[in-house]
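Working notes, beginning with the structure itself.
The values are calculated or read from the model by the stated rules, or taken from the named source; none is laboratory data. As the structure is a prediction and not an experimental result, all values here were calculated from the model. All Cβ positions, even for glycine, are placed from backbone atoms using ideal geometry, and neighbour counts span all protein chains on display. Each accessible area value is taken on the protein alone, full model and side chains, heavy atoms only, with ligands, DNA and RNA left out. Shrake-Rupley method; radii C 1.70, N 1.55, O 1.52, S 1.80 Å.
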Amino acid sequence: MTHPFYPAPLVLLDLETTGANPSSDRITEIGLIQVDSMGISPWSTLVNPCQAIPPFIQHLTGIDDAMVADAPVFADLADEVLDKLHHRIFVAHNARFDYTFLRNEFKRCGRAFRGQVLCTVQLSRKLYPDEYKHSLDALIARHDLQYSGERHRALTDAQLIYQFLQAAVLDLGAERVTAAINELIRPPALPSQIPESVIDDLPDIAGVYIFYGEQDEALWVGSSMNLRRRVLQHFGKKANEGPAAYLARDLRRIAWIETAGELGNTLLERQLIQTLRPRMNSSIRHKTDQTQSLWQIELPKAVRGEAILPLQPQLIALTALSQASGELFGPFRGAREAQNIMNRIIKAQGLCRQALGLEAAKKDGSPCQAHLQGDCRGACIGREPMGLHNGRLLAALAKHRLAAWPYAGAVAIAEGPEWSTVWHVLDHWCYLGTIDHLDQLTALLAAERPAFDVDMAKLIRSELKKTKTIVLDWASLAS
């Protein structure tokens with residue numbers, strides 16, 4: 001290997017771990033290469049994670065429980081590793097993964113670690129924008145990188161990172177590569193009142209984030225499959241324009257909650273918006289502020305020889321759901337939305353407002369105004385059979401019918417890899433919360449239920465329709 005091209009000292013690092021979650025998984029192997037004006041210095045060690053290595057990870061890395069049984073725990077290596085990282089730019093492929101894992105391990109040992117981070121995935125994208133793939137395997141194929149050790153072992157992958165840097169310099173020149181590195185390691189633009197260490201702590205994984213202002217008022221709730229990237233986008237080039245400028249000005253604190261993936265993001269984001277009512281999620285906040293409503297239609301019993309009566313929808317508040325009867329349609333975010341939908345159905349279907357009980361009938365039995373204008377098919381004067389009129393009303397409302405909860409009780413939707421599965425618990429169109437072990441179920445079911453929320457109910461209904469979703473009731477799960 002040739003001498004380094006970059007003026008500042010680097011440490012090229014790769015980790016093997018028991019899984020993908022920096023909070024619950026642990027390091028099983030560290031491989032690093034120190035690069036400076038004196039040349040390069042490789043170093044590696046296995047690490048006892050003090051937890052079982054899942055079979056999938058064993059197959060991927062070749063590291064099993066027996067191999068790490070006698071290896072040092074991270075706490076015994078912390079000082080040595082910290083010394084090797086000190087005053088060097090931290091370089092890794094998907095660097096935030098390795099960086100976050102190391103920071104968490106150091107925190108458990110009572111040590112702080114923070115440094116400039118260079119991700120070679122981002123560097124590859126910047127240097128080779130026309131290329132579609134930037135995984136380490138893609139770099140191996142593109143630049144004909146060579147390795148003698150086992151792939152997916154820490155030191156082997158660290159050596160491949162170094163080879164990629166060498167190949168890029170030979171291909172594009174040291175000046176261009178150095179300029180790209182300098183741009184990528186430049187500190188992010190942040191509001192002056194937010195310390196850079198806060199952003200440094202943000203992981204590159206799925207989750208929901210909350211921006212707080214003065215007196216810890218919730219300003220904004222958002223979600224992303226990459227928390228750090230999404231939060232930084234709020235402070236990009238347009239941070240001084242429109243709502244983004246107000247957000248940057250009022251922001252005092254950033255909090256986040258990690259999730260298992262996209263579904264966890266969607267459920268938790270909606271729940272937090274419903275409970276925190278963040279000031280700048282205005283479109284959603286206004287929806288939840290309105291009185292949610294239903295259309296109720298009593299279906300009369302058919303009696304032979306009696307005339308068919310018109311169905312007359314009644315608008316009721318969602319709070320009266322427990323006393324409601326008949327067919328229910330909705331819920332809608334408010335009375336206005338419910339009335340607007342009914343008005344569109346009446347117009348599109350040529351229904352009669354008099355027959356529906358939404359307009360007073362004329363005393364002389366003359367047709368309604370809509371019939372005179374050609375918008376009513378004549379149910380008001382017997383020109384259209386009432387049975388047909390009723391049928392068209394129910395058919396048009398069918399997609400809004402309030403579905404009964406299709407299960408005997410709570411159900412769960414699984415998300416995440418098999419070695420780190422969580423369960424999103426749902427009951428009667430409400431999201432109760434997420435658990436990672438069955439022992440937590442009893443407490444969750446006993447907790448106070450959240451208020452019914454229209455958008456959450458629609459979200460859950462849509463998710464339950466997906467055939468790819470794993471849905472289990474607790475009886476089957478326990479068995």
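Would you point out the residue of the range 418-435, among those that are within 25 Å of Lys465 (Cβ to Cβ) and open to solvent by 50 Å² or more (accessible area, probe 1.4 Å), that is modelled with the lowest pLDDT?
Applying the first criterion (within 25 Å of Lys465 (Cβ to Cβ)) to the range 418-435 yields 418, 421-435.
From what is left, the residues that are open to solvent by 50 Å² or more (accessible area, probe 1.4 Å) are 418, 428, 434.
Values: Glu418: 74, His428: 84, Thr434: 94.
So the residue we want is Glu418.
Could you count how many residues in the range 354-407 are among the small types (Gly, Ala, Ser), over 17 Å from Gln339 (Cβ atoms) and not in a loop (DSSP other than H, G, I, E, B)?
Matching residues across the range 354-407 total 5.
Scan (1) farther than 19 Å from Arg153 by Cα; (2) at pLDDT below 95; (3) more than 30 Å from the chain's Cα centre (by Cα); (4) not basic (Lys, Arg) for the single condition Ser23 breaks and write down its number.
Of the numbered conditions (1) farther than 19 Å from Arg153 by Cα; (2) at pLDDT below 95; (3) more than 30 Å from the chain's Cα centre (by Cα); (4) not basic (Lys, Arg), the odd one out for Ser23 is (3).
Regarding the range 137-149, can at least one residue be identified that is over 29 Å from Ser44 (Cα atoms), free of Cβ contacts under 8 Å to residues at least 12 places away in the same chain and among the hydroxyl-bearing types (Ser, Thr, Tyr)?
Narrowing the range 137-149 to residues over 29 Å from Ser44 (Cα atoms): none.
Checked against the condition, which is being over 29 Å from Ser44 (Cα atoms), free of Cβ contacts under 8 Å to residues at least 12 places away in the same chain and among the hydroxyl-bearing types (Ser, Thr, Tyr), the range 137-149 yields no hits at all.
With a cut-off of at least 1 residues that are closer than 23 Å to Arg228 by Cα and not acidic (Asp, Glu), name the helices (runs of 4 or more DSSP H) lying wholly within the range 36-120.
On the way: elements: 55-61, 65-68, 74-85, 95-108.
By residue number, 74-85, 95-108.
Filter the range 6-35 down to residues that are buried (at least 18 other Cβ atoms within 10 Å of the Cβ) and outside any strand (DSSP E or B), then give me how many there are. So that I can check it myself, show each step before the final result.
Filtering the range 6-35 for residues buried (at least 18 other Cβ atoms within 10 Å of the Cβ) gives 6, 10-19, 21-22, 25-35.
If we keep only those that are outside any strand (DSSP E or B) as well, we get 6, 18-19, 21-22, 25-26.
The total comes to 7.
For the range 125-138, what are the residues that are in a helix (DSSP H, G or I), in contact with a His (Cβ under 9 Å, 6 or more places away or on another chain) and within 21 Å of Gly62 (Cβ to Cβ)?
We begin by selecting, within the range 125-138, every residue in a helix (DSSP H, G or I); these are 125-127, 136-138.
Okay, now just the ones that are also in contact with a His (Cβ under 9 Å, 6 or more places away or on another chain), so 125, 136.
Scanning the range 125-138 gives a single hit, Leu136.
Quick one: count up the residues across the range 313-353 that are open to solvent by 50 Å² or more (accessible area, probe 1.4 Å), of a type in the set (A, V, I, L, M, F, W, C) and either closer than 16 Å to Asn390 by Cα or part of a loop (DSSP other than H, G, I, E, B) (or both).
1
Out of Ala189, Ala206, Ala174, Ala168, report the one residue that is hydrophobic (A, V, I, L, M, F, W, C) and modelled with pLDDT of 95 or more. Spell out how you get there, then give the answer.
Values: Ala189 fails: modelled with pLDDT of 95 or more; Ala206 fails: modelled with pLDDT of 95 or more; Ala174 fails: modelled with pLDDT of 95 or more.
Within the list Ala189, Ala206, Ala174, Ala168, the selection yields Ala168.
Residue pairs, Cβ under 6 Å, 6 or more apart or interchain, first in the range 443-454 and of a type outside the set (Phe, Trp, Tyr), second part of a loop (DSSP other than H, G, I, E, B) and open to solvent by less than 50 Å² (accessible area, probe 1.4 Å). List them.
Pairs found: Val454/Gln292; Val454/Arg333.
Right, Val73: open to solvent by less than 50 Å² (accessible area, probe 1.4 Å), closer than 27 Å to Leu165 by Cα and of a type in the set (A, V, I, L, M) or not?
Values: open to solvent by less than 50 Å² (accessible area, probe 1.4 Å): yes; closer than 27 Å to Leu165 by Cα: no; of a type in the set (A, V, I, L, M): yes.
When the stated conditions are applied, Val73 does not pass them.
Which of the residues that make up the range 120-137 are open to solvent by less than 20 Å² (accessible area, probe 1.4 Å) and touching an Asp or Glu at 6+ places or on another chain (Cβ under 9 Å)?
Ser124, Leu127, Leu136
Look through Gln193, Gln159 and report the one residue that is part of a loop (DSSP other than H, G, I, E, B), among the polar types (S, T, N, Q) and open to solvent by 50 Å² or more (accessible area, probe 1.4 Å). Walk me through how you get there before you give the answer.
Working: Gln159 fails: part of a loop (DSSP other than H, G, I, E, B).
None of the others qualify; the one that does is Gln193.
Looking at Pro42, is it within 25 Å of Thr61 (Cα to Cα), buried (at least 23 other Cβ atoms within 10 Å of the Cβ) and touching a residue at least 40 places away in the same chain (Cβ under 8 Å)? Break it down into steps so the answer makes sense when it comes.
On the way: within 25 Å of Thr61 (Cα to Cα): yes; buried (at least 23 other Cβ atoms within 10 Å of the Cβ): no; touching a residue at least 40 places away in the same chain (Cβ under 8 Å): yes.
Considered against the rule, which asks whether it is within 25 Å of Thr61 (Cα to Cα), buried (at least 23 other Cβ atoms within 10 Å of the Cβ) and touching a residue at least 40 places away in the same chain (Cβ under 8 Å), Pro42 comes out as no.
When the range 53-70 is examined, which residues are found to be hydrophobic (A, V, I, L, M, F, W, C) and over 11 Å from Thr17 (Cα atoms)? Write out each step before concluding.
Of the range 53-70, the ones hydrophobic (A, V, I, L, M, F, W, C) are 53, 56-57, 60, 63, 66-69.
Answer for the range 53-70, where residues must be hydrophobic (A, V, I, L, M, F, W, C) and over 11 Å from Thr17 (Cα atoms): Phe56, Ala66, Met67, Val68, Ala69.
When only residues in the range 388-410 that are at pLDDT 85 or above and under 28 Å from the mean Cα position of the chain (by Cα) count, which is farthest from Leu445 (Cα to Cα)?
Lys399
Out of curiosity, is Arg186 among the basic types (Lys, Arg) and within 22 Å of Pro22 (Cα to Cα)? I'd like the intermediate steps shown before the answer.
Working: among the basic types (Lys, Arg): yes; within 22 Å of Pro22 (Cα to Cα): no.
Spelling it out, it is not the case that Arg186 is among the basic types (Lys, Arg) and within 22 Å of Pro22 (Cα to Cα).
Taking into account only those residues within the range 221-258 that are under 14 Å from Ala189 (Cβ atoms) and polar (S, T, N, Q), which is modelled with the lowest pLDDT?
Asn240
Contact list please: Cβ distance under 6 Å, first residue in the range 222-234 and touching a residue at least 24 places away in the same chain (Cβ under 8 Å), second residue part of a loop (DSSP other than H, G, I, E, B), pairs at least six apart or on different chains.
Here the result reads Met225/Ala206; Leu227/Leu202; Leu227/Pro203; Arg228/Leu202; Arg228/Asp204; Val231/Leu202; Leu232/Pro188, each pair linking the range 222-234 to a residue that is part of a loop (DSSP other than H, G, I, E, B).
Output the residues belonging to the range 197-256 that are open to solvent by 40 Å² or more (accessible area, probe 1.4 Å) and assigned to a strand (DSSP E or B).
Trp220, Arg253, Trp256
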